[in-house]
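Inspection log for the structure reproduced underneath, given as structure tokens.
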Amino acid sequence: MPELDLDVHLTAEDLAAALRADARRGLTATPKWLPPKYFYDARGSALFEEITRLREYYPTRAEREILAERAGAIARRTGAKVLVELGSGSSEKTRLLLDALREHGTLGSFVPLDVSGAALRDALAALRTDYPDLHLHGIVADFVNHLEVLPESGTRLVAFLGGTIGNLVPAERAAFLAGVRARLSPGEWLLIGADLVKNPAVLVPAYDDAAGVTAEFNRNVLHVLNRELHADFNPSLFAHVALWDPANEWIEMRLRATRPMTVHVADLGLDVSFAGGEELRTEVSAKFRPGRLANELAAAGFAVRDRWTDTLGRFSLTLAAAV
């Protein structure tokens, strides 16, 4: 069985330091905010997996539909020898690409990158069982800050799935896409999953489901701060808010204080006051029109070669080549 590599560029100490810095910056800002990556401890990841199975949450099903239909075409077009996945998580949908590239006969290695070493080890163990002939090279890193650690050998296809590109605001997207392009040679590939602009009557329920799973997922960031920074948030006193911003064409998730309160964050020596009704932004999820994403890719040095949507036109996969 081929060797399984795991490179760690992000330690528990690094993550703790980043959380402290982000929490201090966000909780003292006006308006207050926190990055969405802190949803995803073990509990948050389990809640998100539950969200992907909800009737209202279409993106996962839509992206899977496209991959099931188009993975073969992607394999033939790219002839990739190395598949890199940014923000890999469980790499469940990615197996459709792995299978297609193996069947095409070009794939030699899979490089999943994720901030969670535990999640990455679990995913690699499962992949090693199911793909015993494939070289697996896991990287514990942050795709925003550690693109320089991507392997350089072989014709590479970088996959960035799940609509995660939408969690970056425009300036962050521009920097991210430029960073990916800087790591690729002309003719190498980027595959991006992006949610599309659509009726808010479809969009908003995907982030505010009737069962309240997304609300609990949103409040999980407060549980993370309580545990990791010894804060004393009462999550039950924050209401989940999901709204469509038509000017920016994104969904915002927020937590709204239901009464005035002061929260103590012991590890930061920080007291944070909330007015009744004050909101803390926890996520932006941008939705795209085809022209906008193509223009952003072009600005970063990519040319769109193919684009597909699911049957209902809700979600897109864009295949772009470095030029």
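Amide H of A159: which non-local residues (sequence gap of 5 or more, or other chain) have their own amide H closer than 5 Å, using H built in the peptide plane?
Hits under the 5 Å cutoff: V84, E85, L86, L191.
How much net charge surrounds G179 when only other residues with a Cβ under 15 Å from its Cβ are counted (Lys, Arg +1; Asp, Glu -1)?
-2
Any idea what log10 I(q)/I(0) is at q = 0.14, 0.22, 0.23 Å⁻¹ for the stretch 1-51, Debye with uniform C-alpha scatterers and no solvent?
Each listed q corresponds, in turn, to -0.56, -0.93, -0.95.
May I ask you to evaluate 6.51 cos²θ - 1.76 cosθ + 1.60, the Karplus curve with θ = phi - 60°, for each residue of the stretch 268-277 and list the ³J(HN,Hα) values in order in whole Hz, giving x for glycine and proline?
So the Karplus estimates, Gly and Pro as x, are 9, x, 10, 9, 10, 9, 10, 6, x, x Hz.
Only bridges whose two residues both fall in the chain count here: according to DSSP, what percent of them are antiparallel, nearest 5?
60
For a quick check, take a GNM of the chain with Cα springs below 10 Å and name the residue from V263, V144, V115 with the largest mean-square fluctuation.
With Cα springs under 10 Å in the chain, the top fluctuation among V263, V144, V115 is at V263.
List, in order, the whole-Hz ³J(HN,Hα) value for each residue of the stretch 234-249 obtained from phi through the Karplus relation with A = 6.51, B = -1.76, C = 1.60 and θ = phi - 60°; use x for Gly and Pro.
Per-residue couplings from phi come out as 9, x, 5, 8, 10, 8, 6, 10, 10, 9, 9, 9, x, 5, 8, 6 Hz.
Which GluC sites (Glu not before Pro) in the stretch 1-74 sit in a loop by DSSP (not H, G, I, E or B) and have at most 15 other Cβ atoms within 10 Å of their own Cβ?
E3
Which lysines, if any, have their Cα less than 27 Å from the Cα of K32, not counting same-chain residues under 8 positions apart?
Within the straight-line limit of under 27 Å, K32 reaches these lysines: K287.
Classify the stretch 168-273 as rounded, prolate or oblate, taking a ≥ b ≥ c as the square roots of the eigenvalues of its Cα gyration tensor: rounded when a/c is under 1.5, otherwise prolate if a/b is larger than b/c and oblate if not.
Taking the square roots of the gyration eigenvalues as a ≥ b ≥ c, the stretch 168-273 is oblate.
Over the chain, one equal point on each Cα, no solvent: what is log10 I(q)/I(0) by the Debye formula at q = 0.10, 0.11, 0.13 Å⁻¹?
Debye curve over Cα of the chain, log10 I(q)/I(0) at q = 0.10, 0.11, 0.13 Å⁻¹: -0.59, -0.71, -0.99.
Tell me, what % of the accessible area of the stretch 108-217 is carbon and sulfur with a 1.4 angstrom probe?
Here carbon and sulfur together make up 56 percent of the probe-accessible area.
Provide Y40, Y58 ordered by accessible surface of protein heavy atoms (probe 1.4 Å), highest first.
Per-residue accessible area, sorted high to low, gives Y40, Y58.
Once label points are set 7 Å from the Cα along Cα→Cβ at both V149 and S185, what is their separation, rounded to one decimal in nm?
2.4
State in Å² the accessible area per residue of the stretch 206-256; use a 1.4 Å probe, count heavy atoms of protein chains only, and round to the nearest integer.
I get 38 Å² per residue for the stretch 206-256.
Which residue, S153, S90, S45, has the most motion in a Gaussian network model of the chain that connects Cα atoms within less than 10 Å?
Result: S153 has the largest fluctuation of those listed.
If I histogram all Cα-Cα distances within the stretch 1-153 using bins 10 Å wide from 0, what percent of pairs lands in each bin?
In order of increasing distance, the bins hold 10, 33, 35, 17, 5, 0 percent.
Can you give the accessible area of H135 in Å² (nearest 10), computed on protein heavy atoms with a 1.4 Å probe?
It works out to around 60 Å².
Helix-only estimate, please: 222 nm mean residue ellipticity of the chain, summing -39500 (n - 2.57) across DSSP H runs of length 4 or more and dividing by its residues, to the nearest 500.
So the calculated ellipticity at 222 nm is -12000 deg cm²/dmol.
The values are calculated or read from the model by the stated rules, or taken from the named source; none is laboratory data. Nothing here was measured: the structure is a model prediction, and the numbers come from that model. Here the Cβ is made from the backbone with ideal geometry for all residues, glycine too, and neighbour counts use every protein chain on show. With ligands, DNA and RNA removed, areas are computed over all heavy atoms of the protein, side chains included. Shrake-Rupley method; radii C 1.70, N 1.55, O 1.52, S 1.80 Å.
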